[in-house]
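Novice: There's a structure below that I have some questions on.
The values are calculated or read from the model by the stated rules, or taken from the named source; none is laboratory data. Fair warning: this is a prediction, and the values are worked out from it, not measured in the lab. All Cβ positions, glycine included, derive from the backbone under ideal geometry; neighbour counts span all protein chains shown. These accessible areas exclude ligands, DNA and RNA; they are computed on the full protein's heavy atoms, side chains included. Shrake-Rupley method; radii C 1.70, N 1.55, O 1.52, S 1.80 Å.
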Amino acid sequence: MTEDSAIELPPDVDPNVPTTARVYDAILGGTTNLEVDREAAEVFAAHIPQARECARLNRNALIRGVEYLVRAAGIDQIIDIGCGLPTEQNTHEAAQDIDPDARVVYVDHDPMVVSHAKALLAGNHNAIVIGADLVEPERILTHPEVRSFLDFDRPIAVMIIGMIMQISDEQRPDDIVATLMDATSSGSHLFITSWPDTGEPEQRALSRACIETLGNGWIRPIEALERHFLGMEMAPPGLEYIPRWFPEHPDRPVPAVEELEPYERTQMAGIAKKA
Ligand SMILES: C[S@@+](CC[C@H](N)C(=O)[O-])C[C@H]1O[C@@H](n2cnc3c(N)ncnc32)[C@H](O)[C@@H]1O
């Protein structure tokens with residue numbers, strides 16, 4: 001059981017309101033969360049008992065995607081938007097294990113994530129964190145630290161992992177993604193994981209739990225998830241259910257879609273490359 005008093009909250013953080021980052025941490029069994037977040041995690045578990053497995057699947061996809069980007073696609077600059085609280089293995093660790101010079105900019109709108117990441121990254125000259133909101137992509141793109149840290153004339157990977165479902169249709173997620181990708185050079189990549197809606201109860205349950213506790217988290221038809229990639233060329237195997245998504249080994253045998261457990265069909269991953 002986490003001692004809430006041991007957790008340092010930045011000023012202006014209301015300890016009575018759950019946040020996505022802390023609820024996700026609680027679901028994953030982390031210790032950077034408050035009572036209110038653990039209660040929300042219980043709501044997730046009530047709606048979908050495999051909520052923790054879902055979160056783990058997403059983290060596994062994140063690592064596989066970063067490994068593909070750095071090792072196979074030769075990417076050495078990454079913007080990870082909606083990065084969340086530090087977990088076991090993070091984007092910069094996976095990237096820098098392969099290329100120690102790979103640079104990572106973490107972005108999150110939650111001040112607690114930013115303060116924790118700052119502490120964690122102290123001493124790492126190839127990773128920084130900024131506080132910014134995905135719905136204001138220009139602010140990310142024009143942020144002085146981002147501009148001086150990354151070279152926009154060379155390929156960059158934009159990662160939006162486990163969070164585009166928190167952007168409503170009214171906030172126009174595809175326009176946001178387009179603004180980000182327009183600012184990048186040819187050879188840049190886009191890596192997204194999100195929640196499909198193919199009519200399955202488990203998909204609905206995950207979304208309901210998120211909306212109930214955090215006020216957002218929308219499942220979308222697979223065609224809508226595909227549109228996030230703006231028609232760019234997808235790296236094999238394309239947009240796939242996470243247990244079937246191995247971008248470095250797209251020919252590896254995987255279970256058929258219908259052989260997956262229903263909870264394994266709640267999340268999809270894909271990487272696209274800008275021509
Ligand atoms: C479910 S967590 C995912 C963390 C990590 N990307 C992963 O997949 O393991 C979603 C994260 O996105 C952040 N987030 C949500 N909406 C955001 C927004 N509009 N702009 C920036 N960050 C956002 C939350 O604060 C949280 O840290």
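Novice: Which one is farthest from the ligand (Cβ to nearest atom) among residues in region 1-44 that are part of a loop (DSSP other than H, G, I, E, B) and hydroxyl-bearing (S, T, Y)?
Specialist: T2
For (1) at pLDDT 95 or above; (2) more than 25 Å from H125 (Cβ to Cβ); (3) touching a Leu at 6+ places or on another chain (Cβ under 6 Å), each residue gets a yes or a no:
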| position | (1), (2), (3) |
| --- | --- |
| I7 | no, yes, no |
| R22 | yes, yes, no |
| A45 | yes, yes, no |
| R52 | yes, yes, no |
| G65 | yes, no, no |
| Y68 | yes, no, no |
| E88 | no, no, no |
| A95 | yes, no, no |
| V105 | yes, no, no |
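Novice: With (1) in contact (Cβ under 8 Å) with a residue 40 or more places away in the chain; (2) under 17 Å from the mean Cα position of the chain (by Cα); (3) open to solvent by 20 Å² or more (accessible area, probe 1.4 Å) as the list, and E240 as the residue in question, which single condition is left unmet?
Specialist: (1)
Novice: Can you confirm whether L121 is free of Cβ contacts under 8 Å to residues at least 60 places away in the same chain, in contact with a His (Cβ under 9 Å, 6 or more places away or on another chain) and more than 13 Å from the ligand (Cβ to nearest atom)?
Specialist: Criteria met by L121.
Novice: Counting only residues that are within 16 Å of the ligand (Cβ to nearest atom) and out of contact with any Ser or Thr (no Cβ under 8 Å at 6 or more places or on another chain), give me the helices (runs of 4 or more DSSP H) lying completely in region 171-264 with at least 3 of them.
Specialist: Qualifying helices (runs of 4 or more DSSP H): 173-182, 201-214.
Novice: Among the listed residues P86, P100, identify the single one that is assigned to a loop (DSSP other than H, G, I, E, B), over 21 Å from A183 (Cβ atoms) and within 12 Å of the ligand (Cβ to nearest atom).
Specialist: P86 is the lone residue from the list that is assigned to a loop (DSSP other than H, G, I, E, B), over 21 Å from A183 (Cβ atoms) and within 12 Å of the ligand (Cβ to nearest atom).
Residue-by-condition table, conditions (1) of a type outside the set (S, T, N, Q); (2) without any contact (Cβ under 8 Å) to a residue 40 or more places away in the chain; (3) surrounded by fewer than 20 Cβ atoms within 10 Å (Cβ to Cβ):
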residue: A183; (1), (2), (3): yes, no, yes
residue: T193; (1), (2), (3): no, no, no
residue: L225; (1), (2), (3): yes, no, no
residue: P236; (1), (2), (3): yes, yes, yes
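Novice: Considering only residues that are closer than 14 Å to F149 by Cβ, in contact with a Phe, Trp or Tyr (Cβ under 8 Å, 6 or more places away or on another chain) and open to solvent by 10 Å² or more (accessible area, probe 1.4 Å), which ones fall in region 78-116?
Specialist: Answer for region 78-116, where residues must be closer than 14 Å to F149 by Cβ, in contact with a Phe, Trp or Tyr (Cβ under 8 Å, 6 or more places away or on another chain) and open to solvent by 10 Å² or more (accessible area, probe 1.4 Å): H92, R103.
Novice: Oh, and also: Only one of A102, A73 is touching a Gly at 6+ places or on another chain (Cβ under 9 Å), farther than 24 Å from T19 by Cβ and in contact (Cβ under 8 Å) with a residue 24 or more places away in the chain. Can you tell me which?
Specialist: From the options A102, A73, the qualifying one is A73.
Novice: What single numbered condition from (1) β-branched (V, I, T); (2) open to solvent by 10 Å² or more (accessible area, probe 1.4 Å); (3) under 16 Å from the mean Cα position of the chain (by Cα) fails to hold for V254?
Specialist: Condition not satisfied by V254: (3).
Novice: Cβ-Cβ distance below 7 Å, separation of 6 or more or different chains: which pairs start in region 150-163 with a residue that is open to solvent by 10 Å² or more (accessible area, probe 1.4 Å) and end on one that is of a type in the set (F, W, Y) and away from the ligand (no atom under 16 Å from the Cβ)?
Specialist: Nothing qualifies.
Novice: Taking region 117-127, which residues are more than 12 Å from P86 (Cβ to Cβ) and buried (at least 17 other Cβ atoms within 10 Å of the Cβ)?
Specialist: N126
Novice: Which condition from (1) within 11 Å of the ligand (Cβ to nearest atom); (2) in contact with a strand residue (DSSP E or B) (Cβ under 8 Å, 6 or more places away or on another chain); (3) within 26 Å of K274 (Cα to Cα) is the one that L69 breaks?
Specialist: (1)
Novice: So, one more: Kindly evaluate E53 against the criterion of being under 29 Å from L260 (Cα atoms), outside any strand (DSSP E or B) and within 12 Å of the ligand (Cβ to nearest atom).
Specialist: no
Novice: I would also like to ask the following. Can you tell me which of (1) among the hydroxyl-bearing types (S, T, Y); (2) open to solvent by less than 30 Å² (accessible area, probe 1.4 Å); (3) modelled with pLDDT of 95 or more is the one T32 doesn't meet?
Specialist: (3)
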